[in-house]
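**Q** Just dropping this structure here.
Quick note: the coordinates plus some simple rules give every number you see, no bench work behind them. Here the structure is a predicted model, which means the values were calculated and not measured. A quick note on method: Cβ atoms are made from the backbone with ideal geometry, for glycine too, and the neighbour counts reach across all protein chains shown.
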Amino acid sequence: MPTLKFAVLPGDYIGPEVMTEALRVFAHVAKQEGLTLDYAIADVGGAGIDNHGKALPDSTLKLCEQSDAILFGSVGGPKWEKLPPKEQPERAALLPLRKHFTLFANIRPGLLYRELADASPIKSERIPDGIDIVCIRELTGGLYFGQPKTTTTLPDGDVQSIDTMIYRKSEIERITATAIAAARARKKKLCSIDKANVLETSVLWRKTVTDYVAKNAPELELSHMYVDNAAMQLVRSPNQFDVFVTENMFGDILSDEMACVCGSLGMLSSASLGTRKNSLGLSFGLFEPAGGTAPDIAGKGIANPCAQILSVALMLRYSFGLEKVAVRIETAVKKAVTSGTRTGDIAFGGKSVGTKAMADAIIAAL
Ligand code: IPM
Ligand code: MG
């Protein structure tokens, strides 16, 4: 019986709620497929701060080191907002985890099933077939990590903060390679998004992507777009994109926009991959919903578990090479959400069946 060894880091607020359901769905699939799940649950984020005094406890990092993949929930929230910025869950747990494992490639599928076209803020007639696009976000460079990153009081008493945007050609090339692979598996269309009319890093980005694609994937249809225009095009006509690739902050912003256009942040899963191989010789990765901890609905049992469940599918695909099982989960989610079982998401019509009932419907569809 194949054994899947992974670390489970539920995190804060709705994190543990949706994780419980994702694990229940996973256990069901595993039983059907004859897979053994070998996982341990560890604190991260606010839970790490509360229970270990640190957002990324050493024991949690050690568990991740010993695993073939990380199934991540979400971290952060009002409870820890008063801590110094550098100690807050997002900056002290999630970002260091991404950096530690060099998870530079973040893959976020933007999917809206045709049956749910009315869940999108875009007029249904503009998206008759729903939406199916992919965001490839560079995840370990740019403004989120560049040094210096400081706040200082100047001699004249004014206060100044600095974030630094740095990109190396090699960093751009490796994320371009990820984007090429994604585009090849789909419609062979790639759009690179930057701000090359203003930023030096974007000038390098555009030149590097152009040269790298010309050399390694000339069969792809490559286009470039400025990020402000891309933000507009994404709401105007999302399916003009197929795969788009962009730097860290632009990807952070555009992926939230993409999720909203696709009807719900509660449906957006993501895979973060790097160069590290796991004990199976496959990609070690971190798999997480991209929607955050949603403190406003935590504890009510209405959070949408779909993104967390779809993150399990991504983990099966990328870290365990179990494509068929991944597709089974994705198909079951699609069946469940298109057959009237919807969560409390406002975007899904406000018809609340709750977190657990949603997972039940997915299990029934498996
Ligand atoms: C995301 C999140 C994170 C990010 C936060 C929680 C640090 O918004 O994964 O998109 O900015 O990358
Ligand atoms: Mg984000």
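**Q** How much length is gained on full extension from residue 59 to residue 156, taking 0.36 nm per residue of separation minus their Cα-Cα distance?
**A** 30.4 nm
**Q** Next question, about the same structure. Run the reach check for residue 79 against lysines, Cα to Cα strictly under 24 Å, same-chain hits fewer than 8 apart removed. What comes back?
**A** Partners found: 54, 300.
**Q** Further question: Would you kindly state how much longer the chain becomes between residue 197 and residue 338 on full extension, computed as 0.36 nm times their sequence separation minus their alpha carbon distance, in nm to one decimal?
**A** Residue separation times 0.36 nm, minus the Cα-Cα distance, leaves 46.5 nm.
**Q** For residue 4, list long-range residues whose amide hydrogen, built 1.01 Å from N in the peptide plane, is under 5 Å from its own amide hydrogen.
**A** Those lying under 5 Å, H to H, from residue 4 are 36, 37, 38.
**Q** A further question on this structure: Quick one: Karplus J couplings for the range 300-315, per residue in order, coefficients 6.51, -1.76, 1.60, θ = phi - 60°, nearest Hz, x for Gly and Pro?
**A** 9, x, 10, 5, 6, x, 4, 4, 5, 5, 5, 5, 4, 4, 5, 5
**Q** Moving on to the next point. Counting other beta carbons within 10 Å of each residue's own, what order do 293, 140 fall into, fewest first?
**A** 140, 293
**Q** Only residues of the range 213-240 count here: report those whose backbone N is under 14 Å from the spot 7 Å along Cα→Cβ of residue 129, or say none.
**A** 238-240
**Q** Using a 10 Å Cβ count of at most 15 others and DSSP loop calls, identify the longest part of the chain lacking such trypsin sites (Lys or Arg not before Pro).
**A** Free of exposed loop sites, the longest segment is 189-299.
**Q** Then there's this: Find me the longest stretch of the chain that has none of the exposed GluC sites (Glu not before Pro), where exposed means in a DSSP loop (not H, G, I, E or B) with at most 12 other Cβ atoms within 10 Å.
**A** Longest stretch, sites excluded: 220-366.
**Q** Determine which aspartates and glutamates satisfy two conditions relative to residue 207: a Cα distance under 20 Å, and not lying fewer than 8 residues away in the same chain.
**A** Cross-link targets: 138, 171, 173, 194, 219, 221, 228, 247.
**Q** Here is the link list: 86/149; 62/149; 5/31; 5/356; 99/195; 5/62. Which ones come out longer than 20 Å on Cα distance?
**A** Cα-Cα > 20 Å for 62/149; 5/356; 99/195; rest within.
**Q** Which three extents, in angstrom, do the Cα atoms of the chain have along their principal axes, listed largest first?
**A** 58, 50, 42
**Q** Right, here's the next one. Using a Gaussian network for the chain with springs between C-alpha atoms less than 10 Å apart, which of these wobbles most: 299, 291, 274?
**A** Of 299, 291, 274, the most mobile in the Gaussian network model is 299.
**Q** Which cross-chain or sequence-distant (5 or more) residues have an amide H under 5 Å from the amide H of residue 110, H modelled 1.01 Å from N in plane?
**A** Placed amide hydrogens put 133, 134, 135 under 5 Å from residue 110.
**Q** Using Cβ counts within 10 Å as a stand-in for footprinting exposure, how do 262, 306 rank, fewest first?
**A** The most exposed by this proxy come first: 262, 306.
**Q** Something else about it: Would you mind calculating the gained length between residue 50 and residue 170 on full extension (0.36 nm times residue separation, minus the Cα-Cα distance), in nm to one decimal?
**A** Length gained between residue 50 and residue 170: 39.3 nm.
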